[in-house]
Amino acid sequence: MTKQTVAVVGTGQTKFRSHHADKTYIELVQDAAKMTLDDAGMVPDEIDAVVFSMAPTAFMGINDVDRYSIEHIWGAGKPFMRVHTGGATGGSAFQAAYFHVASGVYDTVLVVGADRVAETPDAQHVLNLIWDRFYEHDFALNTVTMTALAAQRYMHKYGTTEEQFAEVVVRARKNAIKNPTAHLTGDITVEDVLNSPRVSYPYKRFDICPRSSGGAGMVLTNLDVAKRKCARPAFVTGVSSITHSVFMGDRQGFWSDTDFADQDAQDRAAHECYRQAGIIDPVRDVDVLELYDPFSTFQFPILESLGFCGRGEAASIEEDGGWEVDGGIVAVNPSGGTLCTNPIGVTGLVRAADAANQIMGRAGDMQVKNAKSAISTAIGGSTQFFTISAFSDDHVA
């Protein structure tokens, strides 16, 4: 079977905020599906299959709410697949939809989902259940304390400071002002970040993403349909994913030359994605990055793993403004990224949608001038699952 060219022809996102008191989960995901179909200029009968992006249902207190959503997103009578890889769920669901189309089995696929993270009083109590009861549970690990340990190691290796991490937050909030769906926005200062309440060293409150609720979707299709439906599709030129060991203690040297503080799995996934997409030099060949960065400490090791600078160099580039939208290296998170909006079950899908919108010229006030190539990432579980996807205005990579 010949591999098919795959393109994004429509995306949709609801407004993200802590609570949607006026909407049920099912209504949120239906809103996202309708917005996506409208953006693609399609009706439900043109969708061959549905991929559902949904992380832990414990956040909502309703088990497997995807089953109740099927009819409301026009999935009844069609192939349906739910994907769940924690925070990477949106990235994994997007890639599942990609393979549906690339295989030639389906012409057009809707990938959609929603989350209501704030339905639980404290999501970290739920996320604490990720870790092994015997070996790791007594350490009171959750996604905050776990990633704080990696951040401490990164700081120890490269001399990175809390002030440099704070600059990432300032840039993210500033970019998010132009994003009509973002949860957190604002013109804040490094001092504002440093003076926010301490949570777990080196994190303060502003170093950490919000608990966001909302929905998102994308329509993926083959080349023939894309030509009919979209004047400027976002072609998917590369997809890659990789999985780490479940035990944090085993990640130091999991591969012989790796360090868990360096987001080491990202570089391995990047090599495969770049190979497929024909990316030789990321700085030259990529215009926009939409990175999964729920903490201020994530961007530097990710940028280094993706090949945009050497190890330990990203922080000094931050100080020089190199990661700004017009900073001269690559536009990093014009949307504000995950630091500003984190509806866990669809966060990776939002990153992919924002990247695709840049290629399609549909990013509004966030649009990067002459954007022809974009990358999106997602990370899930206890930083165990990683996805990287590449988008281009040219399907011949």
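Structure above, values below:
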{"read-out": "Relative packing of 141-153, 68-80, which averages over residues the other C-beta atoms within 10 Å, highest first", "value": "141-153, 68-80"}
{"read-out": "Linear extension gain, E71 paired with V105, 0.36 nm per residue minus alpha-carbon span", "value": "10.0 nm"}
{"read-out": "Peptides 332-341, 93-102 ordered by average Cβ neighbours within 10 Å, highest first", "value": "332-341, 93-102"}
{"read-out": "Given K34/K227; K178/K372; K15/K174; K34/K369; K227/K372; K15/K178, the pairs whose alpha carbons are separated by over 23 Å", "value": "K34/K369"}
{"read-out": "Square roots of five times the Cα gyration tensor eigenvalues for the stretch 264-397, Å", "value": "19, 17, 16"}
{"read-out": "Square roots of five times the Cα gyration tensor eigenvalues for the chain, Å", "value": "30, 24, 20"}
{"read-out": "The stretch 177-228 - convex hull of the alpha-carbon atoms, volume per residue in Å³", "value": "157"}
{"read-out": "Calculated diffusion of the stretch 304-382, Stokes-Einstein form, Kirkwood radius summed over Cα pairs, 10 °C and 1.306 mPa s, µm²/s", "value": "117"}
{"read-out": "Debye, to nearest 20: dipole size of the chain, +1 on Lys, Arg Cβ, -1 on Asp, Glu Cβ", "value": "660"}
{"read-out": "Net length gained if the chain between S18 and D224 were fully extended (0.36 nm per residue, minus Cα distance)", "value": "70.2 nm"}
{"read-out": "Spacing of the two label points (7 Å from each Cα toward its C-beta) at H156 and H395, in nm", "value": "5.1"}
{"read-out": "Dipole-positive endmost among A226, S392, G364 within the chain (Cβ charges, Cα centre)", "value": "A226"}
{"read-out": "Rg/Rh for the stretch 8-54, where both radii come from Cα atoms and Rh is the Kirkwood radius", "value": "0.99"}
{"read-out": "Spatially proximal aspartates and glutamates relative to K3 (Cα-Cα < 13 Å; intrachain offsets below 8 disregarded)", "value": "D107"}
{"read-out": "Nearest-0.05 FRET efficiency for E313 and D45, computed from C-beta distance (R0 56 Å)", "value": "0.65"}
{"read-out": "Helix-only [θ]222 nm of the chain, DSSP H runs n ≥ 4, -39500 (n - 2.57) each, per residue, nearest 500", "value": "-9500 deg cm²/dmol"}
{"read-out": "In degrees, nearest ten, helix 143-158 long axis to first principal axis of the chain (Cα)", "value": "60"}
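No lab work stands behind these numbers, since they all come straight from the coordinates. These numbers were taken from a predicted model, which means no experiment stands behind them. No Cβ is skipped: glycine too gets one built from the backbone with ideal geometry, and neighbour counts run over all protein chains shown.
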